């Protein structure tokens, strides 16, 4: 990331398998676990919420890997990895958008159809 002149995050939320260093350079690594005795209730709640937010994202990564071909990367170099992830996320968003459009289109068709039906049989 330093080569690309990108900013490093201040903290990184990792899963329970990450046993090791708690800080690399200026990045603090947070793993779920028992809170420290010195932590205030507010700090405990914030850590718990951060770890829960990460856990909520995990199923989405699973769908991206399985359904949108993010499991195997055929592109070369670090840019290829980024492009592959970007294309998988774009496919996910397009699928969601198409579902919403299909729902709105069907709603419009049914509404028009039943509205026309009432006009013809009302007399």
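Computed from the coordinates by the stated procedures, all read-outs in this text should not be read as laboratory data. These numbers were taken from a predicted model, which means no experiment stands behind them. Don't worry about glycine lacking a Cβ; one is built from the backbone with ideal geometry, like all the others, and counts go over all protein chains shown.
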(message) Can you compute the FRET efficiency between residue 81 and residue 61 using 1/(1 + (r/R0)^6), with r the Cβ-Cβ distance and R0 = 22 Å? Round to the nearest 0.05.
(response) 0.95
(request) Mind telling me which of 56, 91, 77 comes out most flexible in a GNM of the chain, alpha-carbon contacts under 10 Å? (result) 77
(message) Run lengths n ≥ 4 of DSSP H only: what is the helix-derived mean residue ellipticity at 222 nm for the chain, with -39500 (n - 2.57) per run over all residues, to the nearest 500?
(response) -21500 deg cm²/dmol
(request) Give me the distance in nm between label points sitting 7 Å out from Cα along the Cα-to-Cβ direction at residue 52 and residue 93, one decimal. (result) 2.8 nm
(request) State, as an integer percentage, the relative contact order of the chain based on alpha-carbon contacts under 8 Å between residues 6 or more apart. (result) 13 percent
(request) Give the angle, between 0 and 90 degrees and rounded to the nearest 10, that separates the Cα long axis of helix 41-67 from the longest principal axis of the Cα atoms of the chain. (result) 60 degrees
(request) Sort 54, 21 so the one with the fewest other Cβ atoms within 10 Å of its own Cβ comes first. (result) 21, 54
(message) Between helix 77-121 and the chain, what is the angle of the helix's C-alpha long axis to the longest principal axis, kept within 0 to 90° and rounded to the nearest 10?
(response) 30 degrees
(message) For Rg/Rh (Cα atoms, Kirkwood Rh), pick the label among [x] 0.99; [y] 1.23; [z] 0.95 that corresponds to the value derived from the coordinates.
(response) [y]
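Taking 41 Å as R0, compute the FRET efficiency from the Cβ-Cβ separation of residue 22 and residue 102 and round it to 0.05. Mind showing how you got there, number by number?
Details: r = 47 Å, r/R0 = 1.15.
FRET efficiency, residue 22 to residue 102: 0.30.
Only Cα pairs under 8 Å and at least 6 apart count here; give the relative contact order of region 1-67 as a rounded whole percent. Intermediate results must be reported in sequence, preceding the final value.
Numbers: 43 pairs, mean separation 16.3, N = 67.
Once normalised by length, the contact order is 24 percent.
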